[in-house]
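Here's the structure we're looking at; comments come further down.
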Amino acid sequence: MIKLRCKKFFRSNSKVASTNAAAAAAASGGDAKLGDEIKWELRPGGMLVQKRECVENDEESIITLTVSTVSQWHDISIRATSSFGELKMILAIVTGLEPKEQRLLYRGKEREDYEYLHMVGVKDKDKVLLFEDPAIKERKLLNLTATSGRVQVIGGSTYHTICV
């Protein structure tokens, strides 16, 4: 985080009025904006902007996503500023699918690994769909049948697969 000093862009007509206002704000327990430093943050796109003042801290805000597969669903807690690639790494632990084998859809569009959740508009308790990449699924199925499909035992009899 970068801290820059506050600069005045205008001159006050009365220095006494501004110091009295600052003293009154400090006495009442409020914070005087005259001596405060502006807090800045660097957004993922590279833009330097003034940090937002809100009730919950953006750096530590955790959202819960419902990730739905074909037959099951998972509740995943993740930081709101994470990327879809980071979400795929968490889902790899939960589902057993490698991140390159996963396809994530949010609001009907497939999302890339470099896209950030908060930039796309993902909010708390939103639903994300997880699909296995069909090309990789087919390739795994072909490898499985090529290696273990030679000899299979069905009902006690031996069954041989002939590939032409």
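The values are calculated or read from the model by the stated rules, or taken from the named source; none is laboratory data. It should be emphasised that the depicted structure is a prediction, and the values quoted were computed from it without experimental measurement. Heads up, the Cβs are rebuilt from the backbone with ideal geometry, glycines too, and the neighbour counts pull from every protein chain shown. All accessible areas refer to the heavy atoms of the entire protein, side chains included, with ligands and DNA or RNA removed. Shrake-Rupley method; radii C 1.70, N 1.55, O 1.52, S 1.80 Å.
List of remarks:
Each row is one residue, and each column tells you yes or no for (1) in a helix (DSSP H, G or I); (2) touching a Phe, Trp or Tyr at 6+ places or on another chain (Cβ under 7 Å); (3) of a type outside the set (A, V, I, L, M).
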site: 81; (1), (2), (3): no, yes, yes
site: 85; (1), (2), (3): yes, yes, yes
site: 88; (1), (2), (3): yes, no, yes
site: 91; (1), (2), (3): yes, no, no
site: 113; (1), (2), (3): no, yes, yes
site: 119; (1), (2), (3): yes, no, no
site: 129; (1), (2), (3): no, no, no
site: 135; (1), (2), (3): yes, no, no
site: 140; (1), (2), (3): yes, no, yes
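- Among the residues of the range 128-149, at least one is modelled with pLDDT under 70 and not aliphatic (A, V, I, L, M).
- Inspection of the range 91-100 identifies no residue that is under 26 Å from residue 41 (Cα atoms), among the polar types (S, T, N, Q), surrounded by 15 or more Cβ atoms within 10 Å (Cβ to Cβ) and touching a strand residue (DSSP E or B) at 6+ places or on another chain (Cβ under 8 Å).
- Against the list (1) modelled with pLDDT under 90; (2) open to solvent by less than 40 Å² (accessible area, probe 1.4 Å), the condition residue 73 fails is (2).
- Top-ranked residue of the range 110-147 - restricted to ones that are of a type in the set (Lys, Arg) and within 23 Å of residue 80 (Cβ to Cβ), ranked as least open to solvent (accessible area, probe 1.4 Å): 111
- Being among the acidic types (Asp, Glu), open to solvent by 20 Å² or more (accessible area, probe 1.4 Å) and at pLDDT below 85 is not true of residue 86.
- Some residue of the range 48-60 being modelled with pLDDT under 90, touching a strand residue (DSSP E or B) at 6+ places or on another chain (Cβ under 6 Å), surrounded by 11 or more Cβ atoms within 10 Å (Cβ to Cβ) and not in a strand (DSSP E or B): yes
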